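Beneath this line is the structure, given in structure tokens, with notes to follow.
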Amino acid sequence: MIAKVLQFLRPDGRQVTRSVVIPDDCQAQYDLIHACGCMLTCEQLMNGQAVQYISNGDGDFEIVITEAGDKKAALTALIKMIEAFDKEEFEKWNEQFKE
């Protein structure tokens with residue numbers, strides 16, 4: 001399946017939507033992430049590391065860091081992050097912004 005990832009580019013944070021191929025069995029979790037109002041985002045830090053997030057308008061719920069340029073490690077980390085998404089934990093985290 002194709003997953004959409006919003007990439008923030010240096011130096012000005014310009015946004016570009018990228019497509020990555022992830023296993024079809026991630027579809028339900030990917031859909032759940034979107035149903036919760038979240039999206040997948042990524043950026044390269046100034047120290048050369050790549051960061052991927054599950055985020056919404058309030059902030060970053062999950063974060064994973066890999067070495068920039070290591071596409072295999074980044075894809076593996078992204079898949080694990082998608083698979084590990086927990087709706088109940090997200091809802092608990094998200095409650096803090098409603099107070």
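For segment 28-53: of the residues being at pLDDT 95 or above and among the polar types (S, T, N, Q), which is surrounded by the most Cβ atoms within 10 Å (Cβ to Cβ)?
Looking at the filtered set, the residue picked out is GLN52.
Only residues that are among the aliphatic types (A, V, I, L, M), surrounded by 16 or more Cβ atoms within 10 Å (Cβ to Cβ) and more than 19 Å from VAL16 (Cα to Cα): list them for segment 54-76, please.
Selection gives VAL64 alone.
Scan segment 70-90 and report the pairs whose first residue is at negative phi and at pLDDT below 95 and whose second residue is surrounded by 13 or more Cβ atoms within 10 Å (Cβ to Cβ) and not hydrophobic (A, V, I, L, M, F, W, C), with Cβ atoms within less than 8 Å and a gap of 6+ or a chain change.
As it stands, the answer is ALA73/THR66; ALA74/GLN52; ALA74/THR66, since those pairs meet every condition given.
Checking ASP31 against (1) without any contact (Cβ under 8 Å) to a residue 12 or more places away in the chain; (2) within 9 Å of the chain's Cα centre (by Cα): exactly one of these is not met. Which one?
All conditions are met except number (2).
So which residues in segment 77-99 are out of contact with any Leu (no Cβ under 9 Å at 6 or more places or on another chain), surrounded by 12 or more Cβ atoms within 10 Å (Cβ to Cβ) and outside any helix (DSSP H, G or I)?
Scanning segment 77-99 gives a single hit, ASP86.
Quick check: is even one residue across segment 55-62 of a type in the set (Asp, Glu), part of a strand (DSSP E or B) and under 26 Å from GLY13 (Cβ atoms)?
Within segment 55-62, the subset of a type in the set (Asp, Glu) is 58, 60, 62.
Remaining after also requiring part of a strand (DSSP E or B): 60, 62.
Add one more test, that the residue is under 26 Å from GLY13 (Cβ atoms), and what stays is 60, 62.
Looking through segment 55-62, at least one residue is of a type in the set (Asp, Glu), part of a strand (DSSP E or B) and under 26 Å from GLY13 (Cβ atoms).
Are any residues in segment 1-27 under 16 Å from GLU83 (Cα atoms) and exposed (fewer than 10 other Cβ atoms within 10 Å of the Cβ), and if so, which ones?
Listed by number, the residues that qualify are ILE2, VAL21, ASP24.
The values are calculated or read from the model by the stated rules, or taken from the named source; none is laboratory data. The shown structure was predicted, so the numbers you read here are calculated from the model rather than taken from an experiment. Glycine gets a Cβ as well: all are built from the backbone with ideal geometry, and neighbour counts include every protein chain shown.
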